[in-house]
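Visitor: Handing you a structure now.
The values are calculated or read from the model by the stated rules, or taken from the named source; none is laboratory data. Here the structure is a predicted model, which is why all the values come from computation and not from measurement. All Cβ positions, even for glycine, are placed from backbone atoms using ideal geometry, and neighbour counts span all protein chains on display.
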């Protein structure tokens, strides 16, 4: 756990809203990134991230303090996103959550946006069972064992799915004229 994280969780368990706010501040970007990678569009990702933090707060007493908090909150996020996709069966284009604002070389920004759009399109071609572990690995920066725990599958399955997802992305990008650096 991060510095003081256990203390923050214990304070939040005692009703300290400021402590919970600090936990949210620490994880909001990662939770949003995971949600965006799974649901595919910023408005739905924002809703899913907010729902994940609400559900986590409501169930904080069930959190096992011996487990990594990041794994727990990312699991909640992934489950909310999967349920959202099942209900809506909607795969909108992914948007870049970290878009730089302000100055910059317009040609570089256009090229970056084109690369991002191409990668977003490629991610949408992956099935859910391949996209989820890939997103958790890259957006959530989780280890294989944590992804396995979050998705409820064996660690070997996670490794295989990430490997196959990367190969599929590379192949798709090569066919589309990209460089295929997945």
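Visitor: Working only within the range 137-156, note down all residues that are surrounded by fewer than 20 Cβ atoms within 10 Å (Cβ to Cβ) and in a loop (DSSP other than H, G, I, E, B).
Guide: 141, 143, 152, 153, 154
Visitor: State which residue is nearest to the chain's Cα centre (by Cα) when the search covers only the range 9-19 and only residues that are farther than 14 Å from residue 63 by Cα and either touching a residue at least 40 places away in the same chain (Cβ under 8 Å) or assigned to a helix (DSSP H, G or I) (or both). Outline the logic, then answer.
Guide: First pass over the range 9-19, keeping only residues farther than 14 Å from residue 63 by Cα: 15-19.
Now narrow it down to the ones that are either touching a residue at least 40 places away in the same chain (Cβ under 8 Å) or assigned to a helix (DSSP H, G or I) (or both): 17-19.
Values: 17: 25, 18: 24, 19: 23 Å.
Looking at the filtered set, the residue picked out is 19.
Visitor: While we're on this one: From the list 108, 22, pick out the single residue that is out of contact with any strand residue (DSSP E or B) (no Cβ under 6 Å at 6 or more places or on another chain), part of a helix (DSSP H, G or I), over 25 Å from residue 151 (Cβ atoms) and at pLDDT below 85. Steps first, please.
Guide: Values: 22 fails: at pLDDT below 85.
Being out of contact with any strand residue (DSSP E or B) (no Cβ under 6 Å at 6 or more places or on another chain), part of a helix (DSSP H, G or I), over 25 Å from residue 151 (Cβ atoms) and at pLDDT below 85 holds for just one of 108, 22, which is 108.
Visitor: Let me ask something else. Among the residues of the range 167-182, which ones are surrounded by fewer than 16 Cβ atoms within 10 Å (Cβ to Cβ) and at pLDDT 85 or above? Don't jump to the end; show me each part of the working.
Guide: Start the filter on the range 167-182 by keeping residues that are surrounded by fewer than 16 Cβ atoms within 10 Å (Cβ to Cβ), which leaves 167, 171, 174-177, 179, 181.
Within the range 167-182, 167, 171 meet the criteria.
Visitor: Could you look through the range 20-44, keep only residues that are over 30 Å from residue 122 (Cβ atoms) and free of Cβ contacts under 8 Å to residues at least 12 places away in the same chain, and pick out the one that is surrounded by the fewest Cβ atoms within 10 Å (Cβ to Cβ)?
Guide: 25
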